[in-house]
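Student: Please find one structure pasted underneath; my questions will follow.
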Amino acid sequence: MAAKSKLGQNFLRDPQAVRRIAASLGDLSARTVIEIGPGKGAITETLATQAKHLIAIELDRELAWNIQERFSPEKGVSNVTVHRQDILQYDFAPAAQQAGQPLLVVGNLPYYITSPILLRLAAQSAHIERAVLMVQREVADRVTARPGTRDYGLLTVTLQLYGGTEALFTLPPEAFVPPPEVHSSVFRWTFAPRFAELGIEEAPFIAFLKQSFAQKRKTLSNNLRAAGKPSEAIAAAFAATQISPQVRAEALSLTELAAIWRALQQP
(Lines give C-alpha, C1' and ligand atoms only; values in the text may rest on other atoms or scores of the structure.)
Protein backbone atom coordinates (compact mmCIF):
# COMPACT_ATOMS: atom_id res chain seq x y z
CA MET A 1 0.00 0.00 0.00
CA ALA A 2 1.42 3.31 -1.10
CA ALA A 3 1.60 6.16 1.41
CA LYS A 4 -1.07 8.83 1.05
CA SER A 5 0.52 12.27 1.21
CA LYS A 6 -2.81 13.93 2.08
CA LEU A 7 -2.85 11.90 5.32
CA GLY A 8 0.78 12.71 6.10
CA GLN A 9 1.84 9.07 5.92
CA ASN A 10 5.53 8.31 6.45
CA PHE A 11 5.96 4.75 7.66
CA LEU A 12 8.68 3.93 10.19
CA ARG A 13 11.03 1.18 9.01
CA ASP A 14 13.83 1.32 11.60
CA PRO A 15 13.62 -1.76 13.89
CA GLN A 16 15.94 -0.25 16.49
CA ALA A 17 13.76 2.86 16.72
CA VAL A 18 10.69 0.65 17.21
CA ARG A 19 12.37 -1.13 20.11
CA ARG A 20 13.42 2.15 21.70
CA ILE A 21 9.91 3.59 21.43
CA ALA A 22 8.37 0.51 23.05
CA ALA A 23 10.98 0.49 25.81
CA SER A 24 10.31 4.18 26.51
CA LEU A 25 6.72 3.33 27.46
CA GLY A 26 7.90 1.06 30.28
CA ASP A 27 6.55 -2.33 31.35
CA LEU A 28 3.45 -3.05 29.26
CA SER A 29 2.53 -6.48 30.55
CA ALA A 30 -0.43 -5.22 32.59
CA ARG A 31 -1.24 -2.10 30.56
CA THR A 32 -3.64 -0.92 27.87
CA VAL A 33 -1.84 1.02 25.13
CA ILE A 34 -3.42 3.32 22.56
CA GLU A 35 -1.48 3.50 19.29
CA ILE A 36 -2.25 6.54 17.16
CA GLY A 37 -1.98 5.82 13.44
CA PRO A 38 -0.38 2.36 13.35
CA GLY A 39 0.15 2.65 9.59
CA LYS A 40 1.73 -0.56 8.31
CA GLY A 41 2.16 -1.92 11.84
CA ALA A 42 5.88 -1.52 12.53
CA ILE A 43 5.32 -0.41 16.13
CA THR A 44 2.11 -2.44 16.44
CA GLU A 45 3.98 -5.69 15.92
CA THR A 46 6.22 -5.08 18.90
CA LEU A 47 3.52 -3.65 21.15
CA ALA A 48 1.21 -6.60 20.46
CA THR A 49 3.78 -8.94 21.99
CA GLN A 50 4.25 -6.80 25.10
CA ALA A 51 0.95 -5.09 26.01
CA LYS A 52 -1.96 -6.64 27.83
CA HIS A 53 -4.29 -4.80 25.44
CA LEU A 54 -3.39 -2.72 22.39
CA ILE A 55 -5.97 -0.40 20.82
CA ALA A 56 -4.94 0.81 17.36
CA ILE A 57 -6.68 3.96 16.08
CA GLU A 58 -6.29 4.27 12.29
CA LEU A 59 -8.14 6.70 10.00
CA ASP A 60 -7.10 5.14 6.68
CA ARG A 61 -9.60 2.43 5.65
CA GLU A 62 -7.06 0.17 3.88
CA LEU A 63 -4.49 0.39 6.65
CA ALA A 64 -7.09 -0.25 9.36
CA TRP A 65 -8.30 -3.33 7.49
CA ASN A 66 -4.75 -4.58 7.04
CA ILE A 67 -3.93 -4.15 10.74
CA GLN A 68 -7.15 -5.89 11.71
CA GLU A 69 -6.31 -8.82 9.44
CA ARG A 70 -2.73 -9.16 10.67
CA PHE A 71 -3.53 -8.89 14.36
CA SER A 72 -6.70 -10.98 14.61
CA PRO A 73 -7.75 -14.00 16.67
CA GLU A 74 -7.56 -16.02 13.44
CA LYS A 75 -3.85 -15.21 13.36
CA GLY A 76 -3.46 -16.11 17.03
CA VAL A 77 -3.60 -12.52 18.32
CA SER A 78 -6.31 -11.82 20.90
CA ASN A 79 -5.12 -8.61 22.56
CA VAL A 80 -5.36 -6.11 19.66
CA THR A 81 -8.45 -3.99 18.95
CA VAL A 82 -8.60 -1.83 15.82
CA HIS A 83 -10.80 1.24 15.44
CA ARG A 84 -11.10 2.98 12.09
CA GLN A 85 -11.55 6.45 13.53
CA ASP A 86 -10.17 9.98 13.65
CA ILE A 87 -8.04 10.25 16.80
CA LEU A 88 -9.39 13.80 17.27
CA GLN A 89 -12.81 12.23 17.87
CA TYR A 90 -11.68 9.30 20.01
CA ASP A 91 -12.88 9.23 23.63
CA PHE A 92 -10.20 7.77 25.89
CA ALA A 93 -12.46 7.46 28.94
CA PRO A 94 -14.15 4.09 28.16
CA ALA A 95 -10.82 2.38 27.45
CA ALA A 96 -9.33 3.72 30.70
CA GLN A 97 -12.40 2.64 32.62
CA GLN A 98 -12.21 -0.86 31.15
CA ALA A 99 -8.48 -1.04 31.92
CA GLY A 100 -9.05 0.13 35.48
CA GLN A 101 -6.14 2.54 35.20
CA PRO A 102 -4.85 5.39 33.01
CA LEU A 103 -3.73 4.56 29.50
CA LEU A 104 -0.37 4.63 27.77
CA VAL A 105 -0.23 6.29 24.35
CA VAL A 106 2.20 5.89 21.47
CA GLY A 107 2.24 7.18 17.93
CA ASN A 108 4.07 8.43 14.88
CA LEU A 109 1.97 11.57 14.45
CA PRO A 110 1.17 13.00 11.00
CA TYR A 111 2.95 16.33 10.67
CA TYR A 112 -0.08 18.21 9.34
CA ILE A 113 -2.23 17.61 12.45
CA THR A 114 0.42 17.23 15.15
CA SER A 115 -0.70 20.20 17.25
CA PRO A 116 -4.41 19.26 17.21
CA ILE A 117 -3.53 15.73 18.30
CA LEU A 118 -1.33 17.00 21.13
CA LEU A 119 -4.10 19.31 22.31
CA ARG A 120 -6.58 16.43 22.11
CA LEU A 121 -4.33 14.36 24.36
CA ALA A 122 -4.12 17.29 26.77
CA ALA A 123 -7.93 17.46 26.86
CA GLN A 124 -8.00 13.72 27.65
CA SER A 125 -5.24 13.94 30.27
CA ALA A 126 -7.42 12.53 33.06
CA HIS A 127 -7.31 9.17 31.26
CA ILE A 128 -3.62 9.07 30.23
CA GLU A 129 -0.52 8.35 32.29
CA ARG A 130 2.25 8.57 29.72
CA ALA A 131 2.74 9.10 25.99
CA VAL A 132 5.72 8.44 23.72
CA LEU A 133 5.25 10.35 20.49
CA MET A 134 7.17 10.88 17.27
CA VAL A 135 6.82 14.33 15.71
CA GLN A 136 8.73 16.69 13.45
CA ARG A 137 11.99 17.64 15.19
CA GLU A 138 11.07 21.32 15.34
CA VAL A 139 7.84 20.45 17.17
CA ALA A 140 9.68 18.25 19.67
CA ASP A 141 12.11 21.12 20.28
CA ARG A 142 9.15 23.36 21.07
CA VAL A 143 7.28 21.04 23.40
CA THR A 144 10.41 20.23 25.42
CA ALA A 145 11.82 23.79 25.47
CA ARG A 146 12.68 25.72 28.61
CA PRO A 147 11.95 29.39 29.45
CA GLY A 148 14.19 31.91 27.73
CA THR A 149 15.04 29.68 24.78
CA ARG A 150 14.12 30.34 21.16
CA ASP A 151 11.66 27.43 20.95
CA TYR A 152 9.74 28.23 24.13
CA GLY A 153 6.23 29.42 23.37
CA LEU A 154 2.50 28.83 23.60
CA LEU A 155 2.63 25.14 22.61
CA THR A 156 5.38 24.56 25.19
CA VAL A 157 3.53 26.00 28.15
CA THR A 158 0.20 24.50 27.12
CA LEU A 159 1.57 20.96 27.00
CA GLN A 160 3.69 21.38 30.11
CA LEU A 161 0.58 22.43 32.02
CA TYR A 162 -0.47 18.80 31.72
CA GLY A 163 2.85 17.19 32.67
CA GLY A 164 6.56 16.96 32.07
CA THR A 165 8.05 16.56 28.60
CA GLU A 166 11.46 15.14 27.73
CA ALA A 167 13.27 14.64 24.44
CA LEU A 168 14.37 11.05 23.79
CA PHE A 169 16.00 10.69 20.37
CA THR A 170 15.98 11.93 16.76
CA LEU A 171 15.65 9.97 13.51
CA PRO A 172 16.79 10.93 10.00
CA PRO A 173 14.44 10.90 7.00
CA GLU A 174 15.90 7.55 5.87
CA ALA A 175 14.22 5.84 8.84
CA PHE A 176 10.87 6.23 7.04
CA VAL A 177 9.15 5.20 3.81
CA PRO A 178 8.71 7.48 2.00
CA PRO A 179 11.40 9.64 3.62
CA PRO A 180 10.05 13.02 4.79
CA GLU A 181 11.95 16.22 4.10
CA VAL A 182 12.73 16.77 7.78
CA HIS A 183 14.12 14.92 10.78
CA SER A 184 11.74 13.42 13.33
CA SER A 185 12.12 13.32 17.10
CA VAL A 186 10.59 11.17 19.80
CA PHE A 187 9.60 12.69 23.13
CA ARG A 188 7.95 11.38 26.28
CA TRP A 189 5.07 13.19 27.96
CA THR A 190 4.33 12.16 31.56
CA PHE A 191 0.86 13.39 32.47
CA ALA A 192 0.46 15.20 35.79
CA PRO A 193 -1.80 18.27 35.34
CA ARG A 194 -0.56 21.25 37.35
CA PHE A 195 -3.69 23.37 37.76
CA ALA A 196 -4.18 22.74 41.48
CA GLU A 197 -0.46 23.14 42.19
CA LEU A 198 -0.34 26.47 40.35
CA GLY A 199 -3.62 27.73 41.82
CA ILE A 200 -5.20 28.41 38.44
CA GLU A 201 -8.39 27.59 36.55
CA GLU A 202 -7.86 25.59 33.37
CA ALA A 203 -9.87 27.42 30.71
CA PRO A 204 -9.26 31.01 31.92
CA PHE A 205 -5.53 30.37 32.34
CA ILE A 206 -5.16 28.86 28.86
CA ALA A 207 -6.98 31.91 27.46
CA PHE A 208 -4.49 34.08 29.38
CA LEU A 209 -1.57 32.13 27.87
CA LYS A 210 -2.91 32.72 24.36
CA GLN A 211 -3.08 36.43 25.08
CA SER A 212 0.40 36.44 26.65
CA PHE A 213 2.09 34.80 23.65
CA ALA A 214 -0.03 36.52 20.96
CA GLN A 215 2.82 38.68 19.66
CA LYS A 216 6.21 37.17 20.41
CA ARG A 217 8.14 40.42 19.93
CA LYS A 218 5.93 42.37 22.33
CA THR A 219 6.36 42.49 26.07
CA LEU A 220 3.88 40.58 28.17
CA SER A 221 2.46 43.90 29.42
CA ASN A 222 1.78 45.07 25.86
CA ASN A 223 0.19 41.76 24.88
CA LEU A 224 -2.12 41.93 27.89
CA ARG A 225 -3.06 45.54 27.11
CA ALA A 226 -3.79 44.53 23.51
CA ALA A 227 -6.10 41.83 24.90
CA GLY A 228 -8.08 44.46 26.79
CA LYS A 229 -6.60 44.18 30.28
CA PRO A 230 -6.63 47.55 32.14
CA SER A 231 -3.20 49.16 32.42
CA GLU A 232 -3.68 49.72 36.15
CA ALA A 233 -4.43 46.05 36.77
CA ILE A 234 -1.41 44.98 34.71
CA ALA A 235 0.92 47.33 36.59
CA ALA A 236 -0.44 46.12 39.93
CA ALA A 237 0.03 42.47 38.95
CA PHE A 238 3.66 42.99 37.99
CA ALA A 239 4.31 44.95 41.18
CA ALA A 240 2.70 42.24 43.32
CA THR A 241 4.75 39.47 41.70
CA GLN A 242 7.97 41.53 41.55
CA ILE A 243 8.34 40.61 37.86
CA SER A 244 9.65 43.21 35.43
CA PRO A 245 6.88 44.77 33.31
CA GLN A 246 9.35 44.78 30.40
CA VAL A 247 9.61 40.99 30.29
CA ARG A 248 8.37 38.91 27.36
CA ALA A 249 6.19 35.88 28.01
CA GLU A 250 8.79 33.44 26.62
CA ALA A 251 11.20 34.42 29.41
CA LEU A 252 8.82 33.32 32.17
CA SER A 253 8.21 29.91 33.69
CA LEU A 254 4.74 28.48 34.17
CA THR A 255 5.04 29.28 37.87
CA GLU A 256 5.73 32.96 37.10
CA LEU A 257 2.96 33.16 34.50
CA ALA A 258 0.54 31.62 36.99
CA ALA A 259 1.55 34.17 39.61
CA ILE A 260 0.74 37.03 37.23
CA TRP A 261 -2.58 35.42 36.27
CA ARG A 262 -3.53 35.08 39.98
CA ALA A 263 -2.56 38.68 40.64
CA LEU A 264 -4.76 39.82 37.75
CA GLN A 265 -7.74 38.11 39.37
CA GLN A 266 -7.48 40.30 42.45
CA PRO A 267 -10.21 42.98 42.73
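Student: Here are some values of Cα extents along the principal axes in Å: [x] 118, 38, 27; [y] 69, 41, 28; [z] 57, 41, 29. Which one was computed from this structure?
Tutor: [y]
Student: Enumerate the amide H contacts of Leu54 below 5 Å, restricted to partners 5 or more residues apart or on another chain; note that Pro and chain-start residues carry no placed amide H.
Tutor: Residues meeting the amide H criterion: Val33, Val80, Thr81.
Student: In 10 Å bins starting at 0, how do the alpha-carbon pair distances of the stretch 47-99 split up by percent?
Tutor: Computed distribution, short to long bins: 24, 51, 25, 0.
Student: Another question, if that's okay. Mind listing the Cα extents of the stretch 29-143 along all three principal axes, in Å, largest one first?
Tutor: Ordered largest first, the stretch 29-143 gives principal extents of 43, 31, 23 Å.
Student: Then there's this: Relative to 2.2 N^0.38 Å, what does the C-alpha radius of gyration of the stretch 145-191 come to as a ratio? Two decimals please.
Tutor: Working: Rg = 13.1 Å, N = 47, 2.2 N^0.38 = 9.5 Å.
With N residues counted in the stretch 145-191, Rg over 2.2 N^0.38 Å equals 1.38.
Student: Let me ask another. When the expected Rg is taken as 2.2 N^0.38 Å, what fraction or multiple of it is the alpha-carbon Rg of the stretch 146-264?
Tutor: 1.26
Student: Under the classification rounded if a/c is under 1.5, otherwise prolate if a/b is larger than b/c and oblate if not, where does the stretch 99-214 fall, given a ≥ b ≥ c as square roots of the Cα gyration tensor eigenvalues?
Tutor: Since a/c reaches 1.5 but b/c is at least a/b, the shape of the stretch 99-214 is classed as oblate.
Student: In addition: State the Cα centre-to-centre distance between the stretch 31-91 and the stretch 211-267 in whole Å.
Tutor: The stretch 31-91 and the stretch 211-267 have Cα centres spaced 45 Å from each other.
Student: Just going by the charge dipole of the chain, with Lys and Arg at +1 and Asp and Glu at -1 on Cβ, which of Ala227, Pro179, Ile200 is farthest out on the positive end?
Tutor: Ala227
Student: To continue, here is another question. In the calculated pair distance distribution of the stretch 15-92, what percentage of Cα-Cα distances lie above 19 Å?
Tutor: 32 percent
Student: How large is the accessible surface per residue of the chain, computed with a 1.4 Å probe and reported in Å² as a whole number?
Tutor: For the chain, the solvent-accessible area averages 48 Å² per residue.
Student: Could you tally the net charge around Ala42, taking each other residue with its Cβ under 9 Å from the Cβ of Ala42, Lys/Arg +1 and Asp/Glu -1?
Tutor: Neighbour charge sum, excluding Ala42 itself: 0.
Student: Pop out the carbon and sulfur fraction of the accessible area of the chain as a percent, whole number, probe 1.4 Å.
Tutor: After summing per-atom areas, the C and S share lands at 50 percent.
Student: Please report how many Lys pairs in the chain have alpha carbons closer than 30 angstrom, counting only residues at least 8 apart along the chain or sitting on separate chains.
Tutor: Within the chain, the lysine pair count is 11.
Student: Counting Lys and Arg as +1 and Asp and Glu as -1, each charge on the Cβ, what is the dipole of the chain about the Cα centre in debye, to the nearest 20? It would help to have the intermediate numbers written out before the result.
Tutor: Working: 28 positive and 24 negative charges, 102 e Å.
Dipole about the Cα centre, nearest 20: 500 debye.
The values are calculated or read from the model by the stated rules, or taken from the named source; none is laboratory data. Since we're looking at a predicted model, the values are computed, not measured. Positions of Cβ are generated from backbone atoms using ideal geometry, with glycine treated the same way; all protein chains shown enter the neighbour counts. Remember, those area values only see protein heavy atoms, side chains included, never the ligands or the DNA or RNA. Shrake-Rupley method; radii C 1.70, N 1.55, O 1.52, S 1.80 Å.
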